[in-house]
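Heads up: the structure comes next, in structure tokens.
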Amino acid sequence: GAVSAANPALRDHARFQMGRALRLADRPRELIEHFEAFLTQCPGSPRVAEALQWIAWGWRKLDRPDHARAAYARATEQFIQDPRNDAVEDILLGEARLHPEGEARERWLESVRARTAAARVAGRATEWARGVWLQALLAQRRDPDRSAARFRELVLDARPEALSARVMIDLAEHEVAAGRVDAAERWYGEHARRFPRHRDRARALAGLGLIA
């Protein structure tokens, strides 16, 4: 109690370790209850989005895509405009897994495109960039030209301060693969400057080293 109150980060770490143990034990219902309790008891934690991601995973394991979708929606509604929230990209990719193929996937992709366009019109720059990034990533295998066009859209139109660490590093690596070294260097440098303690810092520094 006293330690948790004095050190919220330690409290959160302990709660997430318990959640991981439940996942490894394949106890999704208990995992959902554990993280719902966390949300109730720690609503101001910086790991709320991550907790919602785990809740969605639990519902997917229980074959309840409707509940999983609701958990993902709770997370994106709250955090998609926060470029420093690292859970959002994994949440968006998790939502994509609920629509693996066929007409349902195409309808979902159309909704992604519509939300992304609306975000741009409304000036929600981080939400727009994440939507474009998601489209680029999901098209890489089936439609590489479309994927490249979406990444290019980010290069031309995105403001660095609106990009999350994940979007920025993926964009830099795409530019390397496309042979645009100057653009890649810009994004790697922005990543190293804006996210000096990020878990992907080594990727950014390695990228800068490769193109130096």
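The values are calculated or read from the model by the stated rules, or taken from the named source; none is laboratory data. Please read these numbers as outputs of a predicted model, since none were measured by experiment. Keep in mind that these areas ignore ligands, DNA and RNA; they rest on the heavy atoms of the full protein, side chains included. Shrake-Rupley method; radii C 1.70, N 1.55, O 1.52, S 1.80 Å.
I want to verify the translational diffusion coefficient of the chain in µm²/s; compute it with Stokes-Einstein, Rh as the Kirkwood radius over Cα pairs, at 4 °C and 1.567 mPa s. Before the final figure, lay out the partial values.
Working: Rh = 18.5 Å.
Rounded to a whole number, D works out at 70 µm²/s.
With axes computed from alpha carbons, what is the tilt in degrees of helix 201-211 against the longest principal axis of the chain, rounded to the nearest 10 within 0 to 90?
Roughly 20 degrees between the two axes.
At 222 nm, what value in deg cm²/dmol follows for the chain if DSSP H runs of at least 4 each add -39500 (n - 2.57) and the sum is divided by all its residues, to the nearest 500?
-24500 deg cm²/dmol, from helical runs alone.
With a 1.4 Å probe and all protein chains left in place, how much accessible area per residue does the stretch 65-201 have, in Å²?
Details: 6920 Å² over 137 residues.
Result: 50 Å² per residue.
If one takes the longest principal axis of the Cα atoms in the chain, at what angle in degrees, from 0 to 90 and to the nearest 10, does the Cα axis of helix 102-122 lie?
Helix 102-122 sits at roughly 70 degrees to that axis.
Can you send over the carbon and sulfur percentage of the accessible area for the chain, probe radius 1.4 Å, protein chains only? All intermediate terms of the calculation are to be shown ahead of the outcome.
Values: 5780 of 11240 Å².
Heavy-atom surface of the chain belonging to carbon and sulfur, 1.4 Å probe: 51 percent.
So for the stretch 42-83, considering every pair of alpha-carbon atoms, how many percent are separated by more than 15 Å?
I get 38 percent for the Cα pairs in the stretch 42-83 exceeding 15 Å.
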